[in-house]
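**Q** Structure incoming, see below.
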Amino acid sequence: MNAPTRILRGRVWKFGDNIDTDIIAPADVISFGLGDANEQNMVKQAAFRDVREKFYEKVQPGDILVAGRNFGLGSHREPANKVLVSLGFSAVIAESIARLFFRNSVAIGFHAFSVPGIEVFVQEGETLEIDMQAWRVRNLDQGTDLKLDPYSELVQTIIESGGIIEVMKQRIASGLVPAE
Amino acid sequence: MGMTIIEKIMARNSGLETVTPGQFVDAKVDRVIAHEEFYRIHTACEYNGLPGIPRIFDLDRFHVVMEHFQPAIDKVQATRGVKMRELAEHYQLRHFRDTLAGVLHRIVMEDYVVPGELALGSDSHSVAWGALNCAGSGMGEHELAFALTFGTLWFKVPETIKVVLEGEWHPAIAPKDVALWLAGKYTTAFALYQSIEFTGPAVARMSMEQRFQLSSHAVELGGKFGLFEYDDKTREFLSQRSILREQLDNARPVSADPDAHYTQVITINLDDLAPQVARPHTFQNVVPVDEVAGIRIDQALVGSCANGHIEDIEVVARILHGNKVHPKTRLFVQPSSWAVWREASRRGLFDTILDAGGQVISPGCHLCLGMQGRLADGEVCITATTRNHKGRMGSGEADIYLASPATVAHSALAGVIADPRTSTVPSKKVA
Ligand code: SF4
């Protein structure tokens, strides 16, 4: 396993409150499909289409998604988490994040932070630096800082392992096979 | 200090005397229930370099129900069905329900959910099981792969909000109105990361189906769990179960201690509550019905895990009885299970709906999920389902309003959003 990346830098895309999973990954394209490359491509092209046209053409690798309250509410669908990865995002920071969306992010090893105050802290197009050693977010255009709540140890381990299935593999490999 | 329902269940399943909110625990999972996402649990393992789910902790506590796409609407869904059946064989599942469509949550409350348990579902509305005093919560497929393998999963013990209901259930007021009112006042982040307990004198008087309606919506209120205490009504509902009786007989229901700690206690007097409507495109964009009365509607829906039950269909039939659905409005009713279907049919409710010009479609999630009854640009729909997100039912340029079955039925007759308390359409009793 590579050493975990503790500093992320990326250009910001901003969204408002209550961005639900129907907006992120519309039901008609997942339609409980096969989860294969074809589906992933369709989800990518449809992601956020009802609020931003052809969003997939605009996001650059490493960009950071900033949103308002309760980001990712609604359906449990994991394609909504995975599409942030396939669009190229390195992290999402929101005023708050829906429970299931947060858990799913952790479970696939994707960074998701609840940071009250983030909405006024950064404008679209500015660059943020997320520092997971000093636990702060820096607005590189404004030179301002905001505190980041550290992940709990457990959450950090899962994310840095690359997701919960990697943790599961490690457990099995180390002989920690569950008792029958 | 006493404990809330979820604190007790978390403590019991972690082998601890007590737990406190915020504490991380590795808790035993009593049951896992999956719909078509079972397929994605398997492929999540494959994509991570495993041949499949390493192990299933207990084949008598893992239930898979094919329900979201029965009948399949396209080749992709049909193909997924084929793969699901292959996987069911491969894992030698003991509880694989292939040909009994419906809404997962209704089916499993009829057949599998047990009070006092910690159970995970592959669907966000698994909170609905809280109506049966089961701590049900939705999880994604990666976490379910882990839970199935080890029979445990990590949890952060949540805080609890208590919602106390007082007053009477007037005919024009449904649990949907309570859920909408809470979201309107406190937002869909109301119970974020928290458990909700519904209690109070008016809760004791709720039927099980009314409880399903409210517990389903715990997730629309941001909640991780939405729990009711176990009582005679719970026992009565479960007494009809014909399978896995032994598991049920060993159930250990959980109630909160009198001195348990709540982050908030919210008391709602139903006598003061008006019918509520959520405007497009969020569950929290709520106003009393009179503020939106008169808005033209093209389509009206009643169904889903929240509102596809016998009592919901009965409310619709009672209002439609002897009347006609507005000629420019389509009304669709979708029962939540074949058991509900049979009962509605036996009571003649479908005849009433058909006579009035409404339509009934086979049990499932189709309407709620936008797999059937899709909307065109500019169309307006009022629905007693669970979500009104932009684009959920076809066009992102359509408007979806959420309301109770009574409000939807009156609106279907009027062709515009109508207040069920003052609607001029006469409502007669079903014989
Ligand atoms: S009825 Fe709707 S909300 Fe309920 S499980 Fe089905 S799709 Fe989900």
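The values are calculated or read from the model by the stated rules, or taken from the named source; none is laboratory data. Note that the structure is predicted; figures quoted are calculated from it, not measured. Because the Cβ atoms are built from the backbone with ideal geometry, glycine has one as well, and the counts that use them run over all protein chains shown. The protein model used for the area step is the full one, side chains on, heavy atoms only, and it has no ligands, DNA or RNA in it. Shrake-Rupley method; radii C 1.70, N 1.55, O 1.52, S 1.80 Å.
**Q** Would you call B:Arg85 surrounded by 23 or more Cβ atoms within 10 Å (Cβ to Cβ), of a type in the set (D, E, K, R) and more than 16 Å from the ligand (Cβ to nearest atom)?
**A** No.
**Q** Report yes if some residue within region A:159-174 is closer than 27 Å to B:Leu221 by Cβ and open to solvent by 30 Å² or more (accessible area, probe 1.4 Å); otherwise report no.
**A** no
**Q** Okay, next question. Restricting attention to region B:121-143, report how many residues are more than 22 Å from B:Phe212 (Cα to Cα), in contact (Cβ under 8 Å) with a residue 24 or more places away in the chain and more than 16 Å from the ligand (Cβ to nearest atom).
**A** 1
**Q** Tell me yes or no: at least one residue of region B:95-117 is away from the ligand (no atom under 16 Å from the Cβ), without any contact (Cβ under 8 Å) to a residue 60 or more places away in the chain and open to solvent by 40 Å² or more (accessible area, probe 1.4 Å).
**A** Within region B:95-117, one or more residues are away from the ligand (no atom under 16 Å from the Cβ), without any contact (Cβ under 8 Å) to a residue 60 or more places away in the chain and open to solvent by 40 Å² or more (accessible area, probe 1.4 Å).
**Q** For B:Asp355, which of the numbered conditions (1) in contact with a strand residue (DSSP E or B) (Cβ under 9 Å, 6 or more places away or on another chain); (2) at pLDDT 95 or above; (3) more than 13 Å from the ligand (Cβ to nearest atom) fails to hold?
**A** (1)
**Q** Collect the residues in region A:41-63 that are under 16 Å from the mean Cα position of the chain (by Cα) and within 11 Å of chain B (Cβ to nearest Cβ), keeping them in residue-number order.
**A** A:Phe48
**Q** Out of everything in region B:379-401 that is away from chain A (no Cβ under 13 Å) and outside any loop (DSSP other than H, G, I, E, B), what residue ends up being nearest to B:Arg296 (Cα to Cα)?
**A** Residue satisfying both the conditions and the ranking: B:Val380.
**Q** I would also like to ask the following. Is there any pair with a first residue in region B:404-430 that is at pLDDT below 95 and a second that is open to solvent by 40 Å² or more (accessible area, probe 1.4 Å) and in a helix (DSSP H, G or I) whose Cβ atoms are under 6 Å apart and which are 6 or more apart or on different chains, and what are they?
**A** Within 6 Å, the pairs are B:Val430/B:Arg318.
**Q** Quick check, is B:Phe350 within 16 Å of the ligand (Cβ to nearest atom), surrounded by fewer than 23 Cβ atoms within 10 Å (Cβ to Cβ) and within 29 Å of B:His35 (Cα to Cα)? Quick ask: steps written out before the conclusion?
**A** Values: within 16 Å of the ligand (Cβ to nearest atom): no; surrounded by fewer than 23 Cβ atoms within 10 Å (Cβ to Cβ): yes; within 29 Å of B:His35 (Cα to Cα): yes.
When the stated conditions are applied, B:Phe350 does not pass them.
**Q** For region B:358-386, how many residues are β-branched (Val, Ile, Thr), crowded, with 23+ Cβ neighbours inside 10 Å and within 14 Å of the ligand (Cβ to nearest atom)?
**A** 3
**Q** Taking only region B:210-228 into account, find how many residues are away from chain A (no Cβ under 14 Å) and open to solvent by less than 20 Å² (accessible area, probe 1.4 Å).
**A** Residues in region B:210-228 being away from chain A (no Cβ under 14 Å) and open to solvent by less than 20 Å² (accessible area, probe 1.4 Å): 7 in total.
**Q** Restricting the first residue to region B:22-51 and requiring it to be under 21 Å from B:Ser124 (Cα atoms) and open to solvent by 20 Å² or more (accessible area, probe 1.4 Å), which pairs with a second residue that is acidic (Asp, Glu) and not in a loop (DSSP other than H, G, I, E, B) meet a Cβ separation below 7 Å and a spacing of at least six or different chains?
**A** From residues that are under 21 Å from B:Ser124 (Cα atoms) and open to solvent by 20 Å² or more (accessible area, probe 1.4 Å), there are no pairs.
**Q** Hey, among A:Asp17, A:Asp50, which residue is surrounded by fewer than 24 Cβ atoms within 10 Å (Cβ to Cβ), in contact (Cβ under 8 Å) with a residue 60 or more places away in the chain and assigned to a loop (DSSP other than H, G, I, E, B)?
**A** A:Asp17
**Q** Could you list, in sequence order, all residues of region A:33-87 that are polar (S, T, N, Q) and within 16 Å of the ligand (Cβ to nearest atom)?
**A** A:Ser75, the sole residue that qualifies.
**Q** Of all residues in region B:89-125, how many are part of a helix (DSSP H, G or I), within 13 Å of chain A (Cβ to nearest Cβ) and touching a Leu at 6+ places or on another chain (Cβ under 7 Å)? Talk me through it step by step, then tell me what you get.
**A** Of all residues in region B:89-125, those part of a helix (DSSP H, G or I) come to B:89-90, B:104-111, B:124-125.
After this cut, where a residue has to be within 13 Å of chain A (Cβ to nearest Cβ) as well, the list is B:104-105, B:124-125.
Next, only the ones that are touching a Leu at 6+ places or on another chain (Cβ under 7 Å) stay: B:124.
So the answer is 1.
**Q** If you go through region A:64-71 one residue at a time, do you hit one that is open to solvent by 10 Å² or more (accessible area, probe 1.4 Å) and under 28 Å from B:Ala218 (Cα atoms)? Walk me through it before giving the result.
**A** From region A:64-71, those open to solvent by 10 Å² or more (accessible area, probe 1.4 Å) are A:69; that's our starting set.
Next, only the ones that are under 28 Å from B:Ala218 (Cα atoms) stay: A:69.
Yes - at least one qualifying residue is present in region A:64-71.
**Q** Within region B:153-165, can one find any residue that is among the aliphatic types (A, V, I, L, M), touching a Leu at 6+ places or on another chain (Cβ under 8 Å) and within 14 Å of chain A (Cβ to nearest Cβ)?
**A** Yes, because at least one residue in region B:153-165 is among the aliphatic types (A, V, I, L, M), touching a Leu at 6+ places or on another chain (Cβ under 8 Å) and within 14 Å of chain A (Cβ to nearest Cβ).
**Q** Something else: Report, by residue number, each residue of region A:79-113 that is of a type in the set (Ser, Thr, Tyr) and crowded, with 19+ Cβ neighbours inside 10 Å.
**A** A:Ser90, A:Ser96, A:Ser105
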